[in-house]
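These notes concern the structure reproduced below.
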Amino acid sequence: MKQVLLTLLLTVATITSFAQSDSLSIPANTISETTNTNKPSYRTWSIGINGGGTMVGSLPGGMNDFTKNNVGAGFGIYVQKDLTHLLSLKADILMGSFSGNNDRLQGDGSKRILKYANYETKVNYAGSFNVVFNLLNTNWLTANNTVNLFTTLGLGYMGYTSNGVRTADSMKETLKNGSTVAALYFPVSVGAKVKLSSMMGLELGYRVNLVDGDNLDMTHYGTNQDKFSYAYMGLQIYLGSKSKPVMSWNNPTFQLIDKTTQELAAMRGLLEESERQNKLLQAKMDRLITDSDGDGVYDIVDKCPGTAVNTKVNVDGCEEVKRNTVASKPVEELKFSKTTTPEVSITEEDLKIVKEAQRNLTFYYERADIDPSSHKSLDKLALLMIQKGYRLKLVGYTDNIGDDGYNLFFSKARAESVKSYLVSAGISSLKIEATGFGKAQPIAPNNTPEGRKKNNRVEFTLLEK
């Protein structure tokens, strides 16, 4: 008995280990969201109850020892755990009874004469562990099946009692003096399930139980071991919240194809958006370097547009007022053009443009991509740097949420993103320094959303050339 129980436990452990390793071999992103990495939550436990007919023998294998086997009643219950979409582990218990006699003539017209004229067997218990293979969960037609086919293989331990009427004297005799006979058996079944609701399914099945013995019907006849079959109908009840799908009804193949299709569509959308942004950026670059009146001052900062041809103007694009002082510099030196940069110092107006660019700078959530709403202020800063030859220092910071190494990388990435935008606007990369300090130097407490928002920033420092 101990050896049998040990064999059952080892079998279950082996099956469970195999199923879990098979489940883990499926990449997480085949079922999960693309960037979230959160695995979907499924209902994996269920219980079942069924009833039907039992008899010695089986449909494909014919009779056992007696020529006529009568169908008796059978009853079963089970608990099932879904390990993957395709594989489940089931523990079940079966009870039933069946009988037989030799009333049916043999093929040559003679009657079979055995020690017993008839018999009756009662299966007191038959417990088994089974591996369940779900066969229709690998198609690309639907995300959730309503009909599924299955097959099972298992190992079990049963106890039964039998009695028979002797042919010679019609006396009733019991197997082993009425004691329960124990034996190993190997259940093999096929069947179909129909989903009735999110909580229940209808199950139809046929199981052949191959018994490690030849006295199930009180008689040793021939060289084959006995077997008995169980045809049944029952209900499978799924445990857990209705909001979660049942794993055995869920189709990972369809989900993978659907998810891949969505990702391809998203990638096409990103490519189209990138092309659109490039066109917008080119249009902005064209506006930045437009000088409609030809006075050498770009339209975006020209405070006196429409200046007459050949008029000498100052850095604001307005007509230069000559001063008759010895210390005054020639007007020509004050003129700003596309090829010359005046010797200037940082003014309050310049600092105002820098502060505005820093204040209006925003990024997409949890990304280093600049929000388009920031472009106007950055364009003004770019023009200022082009005109006056300023240098710029960019320092990125984050809040204290997350890994320190990642925060350091992320803060520098955002500073580099600002640098890249300004370089694309015509600023030399040598004039911009970008670095990141992660969560260091907070300017507000990190224990509130408002404080963390302030700490996620890029600081601008304007430097003379």
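FYI, it's all coordinate maths here, none of it is from the lab. Keep in mind that what you see is a predicted model, and the values were worked out from it rather than measured. Neighbour counts are summed over all protein chains in view; Cβ atoms, including those assigned to glycine, are modelled from backbone coordinates with ideal geometry.
Annotations
- Using a simple spin-label model with pseudo-atoms 7 Å out from Cα toward Cβ, Ser170 and Gln441 lie 11.1 nm apart.
- Order of Tyr78, Tyr221 - criterion: other Cβ atoms within 10 Å of each residue's Cβ, fewest first: Tyr221, Tyr78
- Packing here is the average count of other Cβ atoms within 10 Å per residue, and on that basis the peptides 173-180, 225-232, 432-439, highest first, run 225-232, 432-439, 173-180.
- ³J(HN,Hα), Karplus 6.51/-1.76/1.60, whole Hz, each residue of the range 414-429, x for Gly, Pro: 5, 5, 5, 5, 5, 4, 4, 5, 5, 5, 5, 8, x, 7, 5, 5
- Using a Förster distance of 25 Å, the FRET efficiency for Cys304-Lys352 (Cβ separation, nearest 0.05): 0.80
- A simple spin-label model places the labels of Gln225 and Ile93 2.4 nm from each other, with each point 7 Å out along Cα-to-Cβ.
- Checked against a 29 Å cut-off, the cross-linked pairs Lys419/Lys454; Lys193/Lys259; Lys279/Lys439; Lys90/Lys172; Lys376/Lys431 give Cα-Cα distances beyond that limit for Lys279/Lys439; Lys90/Lys172.
- Remark: the Glu273-Ser373 segment gains 34.4 nm on full extension, using 0.36 nm per residue and subtracting the alpha carbon distance.
- Hits among aspartates and glutamates - C-alpha to C-alpha of Lys68 under 13 Å, sequence gap 8 or more where chains match: Asp103, Glu120, Asp217
- Additional length obtainable on full extension of the chain from Asp103 to Thr151, 0.36 nm per residue less Cα span: 13.8 nm
- By average C-beta atoms within 10 angstrom, highest first, the peptides 403-409, 260-266, 84-90: 84-90, 403-409, 260-266
- For the range 383-399, 3J(HN,Hα) computed residue by residue from phi via the Karplus equation (6.51, -1.76, 1.60; θ = phi - 60°) reads 5, 4, 5, 5, 5, 10, x, 5, 9, 9, 10, 10, 10, x, 9, 10, 7 Hz, glycine and proline entered as x.
- Backbone phi angles across the range 197-213, fed through the Karplus curve with coefficients 6.51, -1.76 and 1.60 (θ = phi - 60°), yield HN-Hα couplings of 7, 6, 10, 8, x, 8, 10, 10, x, 9, 10, 10, 10, 8, 8, 7, x Hz in residue order; Gly and Pro are listed as x.
- The aspartates and glutamates within cross-link reach of Lys465, meaning a Cα-to-Cα straight distance under 16 Å and a gap of 8 or more places when in the same chain, are Glu343, Asp350, Glu433.
- Close amide H pairs (under 5 Å, H built 1.01 Å from N) link Tyr125 with Gly159, residues at least 5 positions away or on another chain.
- Ser424 versus Gln282: modelled label distance in nm, points set 7 Å from Cα along the beta carbon direction: 1.3
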